[in-house]
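Everything on this sheet refers to the single structure shown next.
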Amino acid sequence: MKFDIFKNSVIGYKNLIRGSKSQDYIDYKVEDKFIICSVADGHSTTFFKHSLDGARFACKASIDVLSENFDVDIDKLEEKLKNYEIQKQIDSRWRFLVKEHYKKIYPNVFKIEYIKYSTTLLSVLITDKFILYLKLGDGDIVLKSKDGYKCVIDTRNNLTVDSLGRDNEYKHMMYSVEQREEKENISIVLFTDGYSNAFKNKFDLFNSIECTLQKYNKNIFSRFILLNTYIDYLNSISKNITHDDISIVFIV
């Protein structure tokens, strides 16, 4: 797979002020036949005291499950997704990891408080034949192709943010599967809402991403400068606009 991965995360300004850690997590897996990237955004309030662990477990669970489905026929894959098989497997793996973690902290507690590990999740599986996008909650996945930019999956318009932690939330995990033209030059960007909320509209959002990609692809010197200064750009967004944790990963 001929892709590079460029990622960065910053602690939200509101978390810096109160001395808290970022609740975001990024993980990825690169093999000869596939690439998987996952970004999770734990809830940043004192009630959700284990959200960072929940975000970490969400990334691991999604990568493990998607790794087992990279060579599935695309029709079979869509059937599994339609029947919530993959989504339910991710939720089940996540709950297993949460349960093991919770029992180590509270060995004598009977009921597992999954809600305190609540997290959103974005995942992408890229193979030679298809690209699978998964989304639970907010944040965005943006695709740049020969047709331009697009947000692959819209955020559900509801009062509460969809997230792992509540019962049957896997049913709200949205997906998109696209046949892949192997020789087509594409870029995919996954990011938490701490980044997307900084922009008034999609035009401004896409323009920011395009500026970053141009610097990354221009030459080795431009890329070196970008890699050493991009964190400052994200910190400025958090401090001056969203005050939120920001995590972003480019697959280019």
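The values are calculated or read from the model by the stated rules, or taken from the named source; none is laboratory data. Computed from a predicted structure; not experimentally measured. Positions of Cβ are generated from backbone atoms using ideal geometry, with glycine treated the same way; all protein chains shown enter the neighbour counts. We work out accessible area using only protein heavy atoms, side chains counted, and drop any ligands, DNA or RNA first. Shrake-Rupley method; radii C 1.70, N 1.55, O 1.52, S 1.80 Å.
Within the stretch 1-37, the set of residues being within 12 Å of the chain's Cα centre (by Cα) and either of a type in the set (Lys, Arg) or assigned to a loop (DSSP other than H, G, I, E, B) (or both) comprises LYS7 only. Scanning the stretch 166-199 for residues that are without any contact (Cβ under 8 Å) to a residue 12 or more places away in the chain and within 30 Å of GLU113 (Cα to Cα), we see that the one that is least open to solvent (accessible area, probe 1.4 Å) is ASN168.
Looking at the structure I just gave you, is PHE250 open to solvent by 10 Å² or more (accessible area, probe 1.4 Å), out of contact with any Pro (no Cβ under 7 Å at 6 or more places or on another chain) and modelled with pLDDT of 95 or more? No, not satisfied. Annotation note: of PHE199, PHE191, PHE203, the sole residue that is farther than 27 Å from LYS80 by Cβ and either under 19 Å from the mean Cα position of the chain (by Cα) or of a type in the set (D, E, K, R) (or both) is PHE199. Looking at this structure, is GLU68 free of Cβ contacts under 8 Å to residues at least 60 places away in the same chain and not β-branched (Val, Ile, Thr)? It is true that GLU68 is free of Cβ contacts under 8 Å to residues at least 60 places away in the same chain and not β-branched (Val, Ile, Thr). Restricting the stretch 200-247 to residues that are among the acidic types (Asp, Glu) and in contact with a Lys or Arg (Cβ under 8 Å, 6 or more places away or on another chain) leaves a set whose member that is surrounded by the most Cβ atoms within 10 Å (Cβ to Cβ) is ASP244.
Here is a check on your reading of the model: is LYS135 out of contact with any helix residue (DSSP H, G or I) (no Cβ under 9 Å at 6 or more places or on another chain) and modelled with pLDDT of 95 or more? Spelling it out, LYS135 is indeed out of contact with any helix residue (DSSP H, G or I) (no Cβ under 9 Å at 6 or more places or on another chain) and modelled with pLDDT of 95 or more. A single entry from ASP32, ASP27 fulfils the requirement of being out of contact with any Gly (no Cβ under 9 Å at 6 or more places or on another chain), surrounded by fewer than 19 Cβ atoms within 10 Å (Cβ to Cβ) and not small (Gly, Ala, Ser): ASP32.
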